[in-house]
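What follows is a set of notes on a single structure, which appears directly below.
Every number in this text was worked out from the coordinates using simple rules, so none of it is lab data. This structure is a prediction, so every number in the text was calculated from the model and none was measured. Ideal geometry is used to build each Cβ from the backbone, glycine not excepted, and the neighbour counts take in all protein chains shown.
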């Protein structure tokens, strides 16, 4: 019985209020006619506001100049002059802001470089190197590319193109007397190196060496560099060929730990043969 009553009541309620369905239908139609949030053209609204602001501005200016007794022609000229001066002032303020930001950035970079230098000198004893060697090690940050012990390549401060015409502080100072028109690739190793039997705590690893050779092959292809002794050389080789430069006496690279059988005078030749091999492999 309860079941029948509930059924009947539900039936009565549904059938005795036909307007309820109609009302719902009307509401649905009304909602369909209303624009959705996604359909609102905010750009158009902004355009209208900007246009109104411009008209308001012109109205204010004309009213002011009329009170000054200016003719219509004089008013147009005065309004044009006002807007030009305002734009000029805005440009000047933007330039001053840009100069201030650049100046701040320069000072921040100087401070960062100083902090790095101070921290680096704190590792002198651990690296077992002389204080006089540290400035040279810090210069590694100026190389076009540096390769760490795991063979990962890190981009240097300056791109190779910066060395086409070397400007003070704006190029990779990697080889004293041989920076112009050249690319410097550094291997992050050899700190504390003295000789083949005393390679220090950071010898060149095989991953590091192979990755460097592959990188040099890519660079030689990218910049159309023939792999010849006069084009591709170690710091040590360049110093021998140019004894009057600051590169004279450099010891990188005269020992390749992964290939310890290569003599110091053959290291450059071995490196070039490796680069050639990787270049052929890419082709």
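Classification of region 128-282 by its C-alpha gyration tensor yields a rounded form. The axis ratio a/c (a ≥ b ≥ c) stays under 1.5. Evaluated on region 47-97, the Kirkwood hydrodynamic radius is 12.2 Å, with distances taken between all distinct Cα atoms.
As an exercise, use a Förster radius of 41 Å and the Cβ-Cβ distance of residue 99 and residue 46 to find the FRET efficiency, rounded to the nearest 0.05. Once the sixth-power term is evaluated, E becomes 0.85. Each of the peptides 145-151, 63-69 was scored by the mean count of other Cβ atoms within 10 Å over its residues; in descending order, highest first, they stand as 145-151, 63-69.
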